[in-house]
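The next block holds one structure in the form of structure tokens; read it before the comments.
The values are calculated or read from the model by the stated rules, or taken from the named source; none is laboratory data. Keep in mind the model is a prediction, meaning the values are calculated, not measured. Here Cβ is always computed from backbone atoms with ideal geometry, including for glycine, and neighbour counts include all displayed protein chains. All accessible areas refer to the heavy atoms of the entire protein, side chains included, with ligands and DNA or RNA removed. Shrake-Rupley method; radii C 1.70, N 1.55, O 1.52, S 1.80 Å.
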Amino acid sequence: MSEQANPFESLQEQIDDAAEYIDASPDVLERLKHPERVLETNLSVEMDDGSIEVFKAFRSQFNGDRGPYKGGIRYHPNVSRDEVKALSGWMVYKTAVVDIPYGGGKGGIVIDPDEYSEDELERITRSFAKELRPIIGEDRDIPAPDVNTGQREMNWIKDTYETLENTTAPGVITGKALDSGGSEGRVEATGRSTMLTAREAFDYLGKEMEGASVAVQGYGNAGWIAAKLLENLGAKIVAVSDSSGAIYNDDGLHAIDVKDHKNETGSVSGYAGASEEMSNEDLLTLDVDLLVPAALENAIDGDLAKEVQADVVVEAANGPLTPDADDVLTERDVHVFPDILANAGGVTVSYFEWVQNRQRFYWDEERVNDELESIIVSSFDDLTNAYEEHDLPNFRTAAYVVALQRVIDAYEESGNWP
């Protein structure tokens, strides 16, 4: 089903949809639909038993008109050239929609990290960092965590870069541990921006968050933090899922208790507070007030979208809806608030981390959260203003109209050289 959708083609289609509503020449738009460069490399790494294993890895630098390339590094068996191209493109428009001075990048290694020891993962990560060294830097390209990577991997990349460059450059990468130059508030940032977007969406649509039923597909960092923060607003988390399946209770699940169970057992399945278990697909089609897709891209295609019963969808994952799904949900008046705003908390607080690294002056968590809220709320207002001003079909198109216009303006102000 969704595996057949090409994320890079989805990105290009989303750009085309938005381009109908802005004044831009076809050649400029074509330039903005392709990455500026893609590194494809093979990492030859010694395993614990002395054997050599080869891993394919990528880094896509999509567009740098508004600042250094910015984007995560993921470790997953399904990483591909087209996937990192798409994700790096989404980062361009994500940074533009929240108006922070970055372009877009993305990287990944084709690997299932669960199959390797910590020592092997460190050697694999440092091997990739060595390959990335010529093209990353505090003013060039600033990687960050993504699927199956975190503070540990970012610390290794930072140390490898600094060792090879014989310098200190904490701003070369974000998502680091606090003692290695990380920022307060970074771990919760993506889930927090998802909550803020949902809160603003409900207010804009005249809906009450208190008592609203919520289903969260994907109970990793973004999903569980969003669930916890929505619960704090008075919402009722009725279903959550991970790769093992989904759990449901109409009376509500306790977000932190579910997370504790997942930490203990490795999955949400078997949680004692659930009244029933179901599939991920069943969760996506529950009759709820708010659906939060927080897993991988293309979770909902056109066929599944016909079965979605949620009133509002807020995307915590990157690209969880295919363009066909967007069309179906638009026709059915299901309000979708897109990933490039909803999950932009991660890159926004990464920007704060980078600023703090450059200044060698660090903020407390309250300031980080306040600055993040200010940016997400302001960006939400920009999105809804564009939606109303241009009489747009949906909020995703509105986000791309805002973002595309900002990237085009930066390009045209700079001029084309040579």
Next item on the list: Treating only the Cβ atoms of Lys and Arg (+1) and Asp and Glu (-1) as charged, compute the dipole magnitude of region 23-149 about its Cα centre; round to the nearest 20 debye.
Entry: 620
Check: If the viscosity is 1.002 mPa s and the temperature 20 °C, what translational diffusion coefficient in µm²/s does Stokes-Einstein give for the chain when Rh comes from Kirkwood over Cα pairs?
Finding: 100
Next item on the list: Would you please classify the overall shape of region 75-184 from the alpha carbon gyration tensor, given that a ≥ b ≥ c denote the square roots of the eigenvalues, rounded means a/c under 1.5, and beyond that prolate means a/b larger than b/c while oblate covers the rest?
Entry: oblate
Next item on the list: Mind putting a number on the dipole of the chain about its Cα centre? Charges go on the C-beta only, +1 for Lys and Arg and -1 for Asp and Glu, and I need it in Debye to the nearest 20.
Entry: 1420
Next item on the list: Specify the inter-centroid distance of region 31-67 and region 82-154, based on alpha-carbon positions, in whole Å.
Entry: 9
Next item on the list: Quick one: which residues, 5 or more positions from residue 335 or on another chain, have an amide H under 5 Å from its amide H? H modelled 1.01 Å from N in the peptide plane, none for Pro or chain starts.
Entry: 313
Notebook entry, point to check: What number, in percent, do you get for the relative contact order of the chain if the mean sequence gap of Cα pairs under 8 Å and at least 6 apart is divided by its residue count?
Noted result: 17
Next item on the list: Mind giving me the FRET efficiency for residue 391 and residue 49? R0 is 51 Å, r the Cβ-Cβ distance, nearest 0.05 is fine.
Entry: 0.20
Notebook entry, point to check: Which of these, 79, 172, 308, has the largest mean-square fluctuation under a Gaussian network model of the chain (Cα springs below 10 Å)?
Noted result: 79
Checklist line | Phi-based couplings in Hz for region 285-299 (Karplus 6.51, -1.76, 1.60; Gly and Pro marked x) | finding: 10, 5, 7, 10, 6, 9, 10, 10, x, 10, 9, 9, 5, 6, 6
Next item on the list: Please work out the average accessible area per residue across region 1-136, using the 1.4 Å probe convention, and give it in Å².
Entry: 40
Check: Solvent-accessible area per residue for region 197-253 at a 1.4 Å probe radius, Å²?
Finding: 34
Checklist line | Two-site label geometry, residue 99 and residue 130: point separation in nm, points 7 Å out along Cα→Cβ | finding: 4.5
Margin query: Rounded, prolate or oblate for region 46-107? Axes are the square roots of the Cα gyration tensor eigenvalues, ordered a ≥ b ≥ c, and the cut-off for rounded is a/c under 1.5.
Written below: prolate
Notebook entry, point to check: Taking amide H positions as placed 1.01 Å from N in the peptide plane, with prolines and chain starts having none, which residues 5 or more places from residue 67, or on another chain, fall under 5 Å of its amide H?
Noted result: 103
Check: In whole Hz, what ³J(HN,Hα) sequence does region 134-139 give by Karplus (6.51, -1.76, 1.60; θ = phi - 60°), x for Gly and Pro?
Finding: x, 10, 10, x, 4, 10
Next item on the list: Run the accessible area of the chain with a 1.4 Å probe and give the carbon-and-sulfur part as a rounded percent.
Entry: 41
Margin query: Starting from the 7 Å offset along Cα-to-Cβ, what nm value, one decimal, do you get for the label separation of residue 25 and residue 207?
Written below: 4.3
Next item on the list: Provide the FRET efficiency to the nearest 0.05 for the residue 417-residue 165 pair, computing r from the beta carbons and using R0 = 22 Å.
Entry: 0.20
Item checked: Average accessible surface area per residue within region 292-371, 1.4 Å rolling probe, Å² -> 35
Next item on the list: Report the net charge of residues surrounding residue 242, where surrounding means a beta-carbon distance below 11 angstrom and charges are Lys +1, Arg +1, Asp -1, Glu -1.
Entry: +2
Item checked: Net charge of Cβ neighbours under 12 Å - reference residue 141; Lys, Arg +1; Asp, Glu -1 -> +3
Next item on the list: Would you mind checking which residues have amide H under 5 Å from residue 217's amide H? H placed 1.01 Å from N; only 5 or more apart, or other chain.
Entry: 292, 294
Item checked: Hz values of 3J(HN,Hα) by residue in region 231-238 - Karplus curve (6.51, -1.76, 1.60), Gly and Pro given as x -> 4, 5, 7, x, 6, 10, 7, 9
Next item on the list: Note the full-extension length gain between residue 117 and residue 378 as 0.36 nm times their separation in residues minus their Cα-Cα distance, in nm to one decimal.
Entry: 89.6 nm
Notebook entry, point to check: If one computes the Cα centroid of region 195-233 and of region 324-357, what distance in Å separates the two points?
Noted result: 14
Check: How many nm separate the modelled label positions at residue 331 and residue 81, each set 7 Å beyond the Cα in the direction of the Cβ?
Finding: 3.5
